[in-house]
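Worksheet: the structure to be examined is printed underneath.
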Amino acid sequence: MSGDLHDLGVADIGRALRQRRCSSVELTLHLLTRLSGHASLGTVLSSDADRALEQARAADAALTRGEAGPLVGVPLAHKDIFVTDHARTGLPSTAGSKMLAGYASPFDATVVARLAAAGTVTLAKLNCDEFAMGSSNENSAFAPVHNPWDLQRVPGGSSGGSAAAVAARLLPAATGTDTGGSIRQPASFCGITGIKPTYGVCSRYGMIAFASSLDQAGPMARSAEDCSLLLSAMSGFDERDATSAERPPQDYHASMLQPRTGASAGRPLQGLRIGLPREFFPAALAADVDTAVRAALAELEKLGATLVDVSLPRTELSIPVYYIIAPAEASSNLGRFDGVKFGHRAAQYTDLMDMYKKTRSEGFGPEVKRRIMIGTYVLSHGYYDAYYLQAQKLRRMIADDFQACFQACDVIAGPVAPTVAWEIGAQGGDPLQAYLADIFTLPASLAGLPGMSVPAGFGAHGMPVGLQLIGNYFDEATLLQAAHALQQATDFHTRRPT
Ligand code: GLN
């Protein structure tokens, strides 16, 4: 097949494979070469060419038999927060941490297993912030990831390896996870499309836990259409996850393409009410981000949507609320890394307590340690009521604020992040700066609502800017519809870094 195979997205690849214009083996070989040729981007933590080719050969055989699922033979890679069966894939599962360096999982995460069952080919495990704690990938224990639009800049985080690899055309798509913005913010920084579905839509089974009441998986790809195909395969009830939503399987691609009532060819979004929370457009919002986001909103208006003013009065409080609840849950979840059950164990120690201390001191990086300490503090006797309980109460109020907005609108829109991607090292190790930059993604996470980042244009230094869309519970279809309509009318999602 002529042309650049790596320019094809998920839907295109599926079509090309079914029409036998290329084979999965051919694609897999091409992308493996590209991945190793771009190793300096830092996106890949591990890959196994032989196992990938085995999967590609099986997919080609299925295609020959006429098995025509949309994802059969499509190559992708997983954020290294998902465990992958080592015997099947040859890939370790590290969570970007020295604590789990080389860890061989005996099973696949549900999301991984479902994508494998849909016929996808796993090329690699992708770099991320350690235990998904971060906004820039600078917290990876292994290597920083570089933004393909400007190698001096961060790709965002924590799913930065996924976003950078998709943006650089090393992969058509990747999985990500989002606890407080980790799909949306790197998607925005790298100019790709990503969706965090409603909490409970994708199983958390086999996702190495950070903050269990917030963690949610989702696809990262070049277009809303590609995301819809992946989400259909990844999602669905899983009895192994106690908070999995008990809903019938969804075809997000079909619901995305379903015309809205009252829509016409030029006005596919006729009747859609988009709420703009005034707190999402503060004076401190960078001018380039503001301009790109407002231009995208004007485009959505042309497509038939109406813009309405709404308010999320507790937006600023999302930061302290999240940075109490997420570390509290993390401190508990990370208790399992004690040198006994799995992962790193200190080589020399005097007794059990000494072994715990040395193992955890050596295995965890500084941001993870900071969060374990904050989390342990806010949960401790005497402080629980003052911090954790207060945060839980505010979390409920933040969720209620969204429901008040959804009386007046169908979708909420705003920026994903207050600025474009910053330079590597620019924050000088001050964690508060990164925490504050999460202001626009945390509210939807705390409320458990679906959120999406859609390429909206470019800002300072030619860096991508994302538009955030937030929907009501289980209304991923409306987000995907709005994003798809925007992508039919604009070409930001097709631009690529040089
Ligand atoms: N930046 C946020 C944090 O550091 C969100 C991370 C995430 O969504 N995994 O916790």
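The values are calculated or read from the model by the stated rules, or taken from the named source; none is laboratory data. What you are looking at is a predicted structure, and each value in this text was computed from that prediction instead of being measured. Cβ atoms come from the backbone with ideal geometry, glycine included; neighbour counts cover every protein chain shown.
Numbers below:
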item: Boolean, A141 is closer than 29 Å to R336 by Cα, surrounded by fewer than 24 Cβ atoms within 10 Å (Cβ to Cβ) and at pLDDT 95 or above; result: yes
item: Which listed residue, of R204, R184, R169, R153, is among the charged types (D, E, K, R) and within 13 Å of the chain's Cα centre (by Cα); result: R184
item: Some residue of the stretch 97-106 being among the basic types (K, R), over 20 Å from the mean Cα position of the chain (by Cα), in a helix (DSSP H, G or I) and over 20 Å from G9 (Cβ atoms); result: yes
item: Flag if T33 is surrounded by 22 or more Cβ atoms within 10 Å (Cβ to Cβ) and in a helix (DSSP H, G or I); result: no
item: Selection within the stretch 124-146 - touching a Phe, Trp or Tyr at 6+ places or on another chain (Cβ under 9 Å) and more than 16 Å from the ligand (Cβ to nearest atom); result: K125
item: Helices (runs of 4 or more DSSP H) completely within the stretch 154-248 that count 2 or more residues being in contact with a Cys (Cβ under 9 Å, 6 or more places away or on another chain) and within 13 Å of the ligand (Cβ to nearest atom); result: 160-167
item: Complete set of residues in the stretch 420-446 that are small (G, A, S), outside any helix (DSSP H, G or I), within 9 Å of the ligand (Cβ to nearest atom) and in contact with a strand residue (DSSP E or B) (Cβ under 8 Å, 6 or more places away or on another chain); result: none
item: The listed residue being under 24 Å from L231 (Cα atoms) and touching a residue at least 12 places away in the same chain (Cβ under 8 Å), out of G69, G90; result: G69
item: Test: L276 is more than 20 Å from the chain's Cα centre (by Cα) and in a strand (DSSP E or B); result: yes
item: Sole exception among (1) loosely packed, with under 14 Cβ neighbours inside 10 Å; (2) free of Cβ contacts under 8 Å to residues at least 60 places away in the same chain for A284, by number; result: (2)
item: Of the criteria (1) within 15 Å of the ligand (Cβ to nearest atom); (2) surrounded by 24 or more Cβ atoms within 10 Å (Cβ to Cβ); (3) not acidic (D, E), which one L469 fails; result: (1)
item: Filtered residue count, the stretch 321-377, keeping only those that are more than 16 Å from the ligand (Cβ to nearest atom) and of a type in the set (A, V, I, L, M); result: 6
